[in-house]
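Following: one structure in structure tokens, then a few remarks.
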Amino acid sequence: MPEGLLAGKRGVILGVANEKSIAWACAQACAEQGASLAFSYLGEGLERRVKKLVGEFLPDALMLQCNVQNDAEIASFFQEIKNQWGSLDFVIHSVAFADKEDLRNQFVTTSRAGFALAMDISAYSLVAVSREAAPLMKPGGSIVAMSYYGAEKVVPRYNVMGVAKAALEASSRYLAWDLGEKGIRVNCISAGPIRTLSASAIAGMRLMLQTTEKFAPLRRNVTQEEVGQTAVYLLSDMSSGVTGEVLHVDCGYNVMGMYGVEDPSQDA
Ligand code: NAD
Ligand code: IMJ
């Protein structure tokens, strides 16, 4: 019998692109705690890479294509999970996308199509996925989605993604209410900036990482592994009384109200 906080639990992980993905660190942390896992990959472009990565570490894991923009693909993904496993204990949603131009230009220029695209992939997908996953889940089930501070405050260039993350966080609260009557919990992790594929192309990422190092209470950036450990907590029975929550895993950056190092020589 597997041991660990997730021993005997079966979970789905959406959003592994490569070894730097937050979803991959979550997968490793869940596997270490005894979980059995199934993965989705976005499409053929990522299939080989994700299959190689997952296959090396977790040869028994299930792997299926699932573009979250497509209701039919979401339905057949969870149908296959039902066929293979019969039931499901947890879901990690670690998926986001916006048009690159919308993360570079001013927010005020966001087109209707760009707004809809970001909301569809980054926020609505949690609703669609939860709807298909919930019937497979028993009381004690847990769903976790990845958010970012730009949902709460203006982070220059995060733009339409910030609006989508605000919608994601609000959606997780409404899902927590709906699915709570079945004993299923829904929470978000608000992770600090991390160098992943989704962050690599972003102008100003270096400044964001430096700013966290300077002003976060822990004076450093958070790691994928730390996000993975928090995911284990939210997926495990250790957090059985926690739902609808947004848990910051950001070295404390979000608690600050002023950014500047005090200079004792300036004291009155
Ligand atoms: P990543 O690029 O490794 O992961 C993003 C994933 O989204 C990829 O696997 C990609 O294939 C998937 N995806 C995009 N469009 C999709 C679609 N239509 N259908 C299915 N999958 C799709 O980057 P990451 O940083 O690990 O991002 C994971 C999550 O964490 C995202 O929600 C992101 O917003 C969030 N997040 C990231 C950071 C950061 O600084 N890296 C901070 C806080 C939150
Ligand atoms: C993304 C854009 C602007 C500022 C940003 C980010 N900061 C951080 C991110 C400060 C930390 C990374 N992040 C939290 C995301 O959620 C990224 C989402 C994302 C990234 C891309 C890049 C490539 C692309 N589309 C994207 N869509 C969403 O074409």
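So the values come out like this:
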read-out: Filtered residues of segment 151-200 (kept if basic (K, R) and in a helix (DSSP H, G or I)); value: K165, R173
read-out: In segment 106-123, residue farthest from the chain's Cα centre (by Cα) [restricted to those that are open to solvent by less than 70 Å² (accessible area, probe 1.4 Å) and touching a residue at least 24 places away in the same chain (Cβ under 8 Å)]; value: T110
read-out: Residue among I81, I22, I13 that alone is among the β-branched types (V, I, T) and more than 22 Å from S122 (Cβ to Cβ); value: I81
read-out: Among residues of segment 234-257, those that are free of Cβ contacts under 8 Å to residues at least 40 places away in the same chain and in a helix (DSSP H, G or I), counted; value: 1
read-out: Pairs with Cβ under 8 Å, 6+ apart, first in segment 133-148 and on the phi > 0 side of the Ramachandran plot, second surrounded by fewer than 19 Cβ atoms within 10 Å (Cβ to Cβ); value: G140/G183; G140/D237; G140/S240
read-out: Output for segment 88-102, where each listed residue is under 22 Å from the mean Cα position of the chain (by Cα) and either open to solvent by 70 Å² or more (accessible area, probe 1.4 Å) or farther than 17 Å from V155 by Cβ (or both); value: L88, D89, F90, V91, I92, H93, S94, V95, F97, D99, K100
read-out: Within segment 4-24, considering residues that are open to solvent by 10 Å² or more (accessible area, probe 1.4 Å) and of a type in the set (A, V, I, L, M), the one nearest to I92 (Cα to Cα); value: I22
read-out: Verdict on M238 being at pLDDT 95 or above, open to solvent by 30 Å² or more (accessible area, probe 1.4 Å) and either over 27 Å from A134 (Cβ atoms) or within 13 Å of ligand 1 (Cβ to nearest atom) (or both); value: no
read-out: Strands (runs of 3 or more DSSP E) fully within segment 1-83 counting 1 or more residues that are touching a strand residue (DSSP E or B) at 6+ places or on another chain (Cβ under 8 Å), free of Cβ contacts under 8 Å to residues at least 60 places away in the same chain and within 16 Å of ligand 1 (Cβ to nearest atom); value: 36-41, 62-65
read-out: Filter result (assigned to a helix (DSSP H, G or I), open to solvent by 10 Å² or more (accessible area, probe 1.4 Å) and either aliphatic (A, V, I, L, M) or out of contact with any strand residue (DSSP E or B) (no Cβ under 7 Å at 6 or more places or on another chain) (or both)) within segment 132-149; value: E132, P135, L136
read-out: Residues of segment 170-207 satisfying the condition of being within 14 Å of ligand 2 (Cβ to nearest atom) and surrounded by fewer than 19 Cβ atoms within 10 Å (Cβ to Cβ); value: R195, L197, A199, S200, A201, I202, A203, G204, M205, R206, L207
read-out: Among (1) assigned to a loop (DSSP other than H, G, I, E, B); (2) of a type in the set (S, T, Y); (3) free of Cβ contacts under 8 Å to residues at least 60 places away in the same chain - the single one S265 does not satisfy; value: (1)
read-out: Close pairs (7 angstrom Cβ cut-off, 6 or more residues apart or separate chains): assigned to a loop (DSSP other than H, G, I, E, B) in segment 216-227, surrounded by 19 or more Cβ atoms within 10 Å (Cβ to Cβ) and among the charged types (D, E, K, R) anywhere; value: A216/D250; V222/D250
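Residue-wise test of (1) open to solvent by less than 20 Å² (accessible area, probe 1.4 Å); (2) within 16 Å of ligand 2 (Cβ to nearest atom); (3) over 28 Å from K165 (Cα atoms).
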residue	(1), (2), (3)
P2	no, no, yes
L62	no, no, yes
A72	no, no, no
S76	no, no, no
R104	no, yes, no
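The values are calculated or read from the model by the stated rules, or taken from the named source; none is laboratory data. Quick caveat, the model's predicted, so the values are computed rather than measured. Ideal geometry is used to build each Cβ from the backbone, glycine not excepted, and the neighbour counts take in all protein chains shown. Ligands, DNA and RNA are excluded from the accessible area calculation, which covers all protein heavy atoms including side chains. Shrake-Rupley method; radii C 1.70, N 1.55, O 1.52, S 1.80 Å.
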